[in-house]
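**Q** Can you read through this structure? Questions will come right after.
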Amino acid sequence: MNLRQMLPSDHPALIELFKETPGVTLRDADSYQATERYLERNPELNFVIEDKEIIIACVMCGHDGRRGYLQHLAVKPNYRKLGLGEKLFRECLSSLSEIGIDKTHIFVFKDNGIANDFWQSKGWILREDVNLYSYTSSTSTNA
């Protein structure tokens, strides 16, 4: 298995991986153009793992200059329990640390039990002291 930087050309395979991953919701922000912008804005922070050139796991990672953010950590079901998810997020944390970012957040749907169990088992702390608010400036219901 090979861990490497995510490329814009990986987009079709990523979308397929997201579609087969319970708890991942695809939005307009997951378009090819938006993904390409994200990768350009966050170089050397987004990773995939391949098995025989097939993407089996990925994580998207970015930052705002102060805090890191993980999105869409996904592992194909038949490759779970091999440590790939942890390998991916640790690669992100290491890369963020190299640029001076020591605190990272991830947003997980409350009803995504598999993901919530995973993050808590890895020592991530469920925050109950903040509320998340969103505002959409477009008319798309899937922004």
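The values are calculated or read from the model by the stated rules, or taken from the named source; none is laboratory data. Just so we're clear, the structure is a prediction, and the values are computed from it rather than from any experiment. Here the Cβ positions follow ideal geometry from the backbone for every residue, glycine too, while neighbour counts run over all protein chains shown. To get the accessible areas, we keep the full protein, side chains included, count just its heavy atoms, and leave off ligands, DNA and RNA. Shrake-Rupley method; radii C 1.70, N 1.55, O 1.52, S 1.80 Å.
**Q** Please state which one of Leu45, Leu26, Leu3, Leu73 is hydrophobic (A, V, I, L, M, F, W, C), within 13 Å of Phe89 (Cα to Cα) and part of a loop (DSSP other than H, G, I, E, B). Before you say what the answer is, go through the steps one by one.
**A** Values: Leu26 fails: within 13 Å of Phe89 (Cα to Cα); Leu3 fails: part of a loop (DSSP other than H, G, I, E, B); Leu73 fails: part of a loop (DSSP other than H, G, I, E, B).
One residue alone meets the criteria, Leu45.
**Q** Scan segment 117-139 for residues that are open to solvent by less than 60 Å² (accessible area, probe 1.4 Å), farther than 22 Å from Ala29 by Cβ and either at pLDDT below 95 or not in a loop (DSSP other than H, G, I, E, B) (or both) and report the count.
**A** 1
Listed here are the residues, each with its yes/no results for (1) part of a loop (DSSP other than H, G, I, E, B); (2) open to solvent by 40 Å² or more (accessible area, probe 1.4 Å); (3) in contact with a Pro (Cβ under 8 Å, 6 or more places away or on another chain); (4) at pLDDT 95 or above.
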| residue | (1), (2), (3), (4) |
| --- | --- |
| Leu82 | yes, yes, no, yes |
| Glu86 | no, yes, no, yes |
| Phe89 | no, no, no, yes |
| Cys92 | no, no, no, yes |
| Leu96 | no, no, no, yes |
| Gly100 | yes, yes, no, yes |
| Lys110 | yes, yes, no, no |
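**Q** What is the residue count in segment 54-99 for residues that are without any contact (Cβ under 8 Å) to a residue 24 or more places away in the chain, farther than 18 Å from Trp119 by Cβ and of a type in the set (D, E, K, R)?
**A** Result for segment 54-99: 2.
**Q** Hey, among the residues in segment 66-80 that are under 8 Å from the mean Cα position of the chain (by Cα) and more than 21 Å from Gly100 (Cβ to Cβ), which one's surrounded by the fewest Cβ atoms within 10 Å (Cβ to Cβ)?
**A** Out of the qualifying residues, it is His72.
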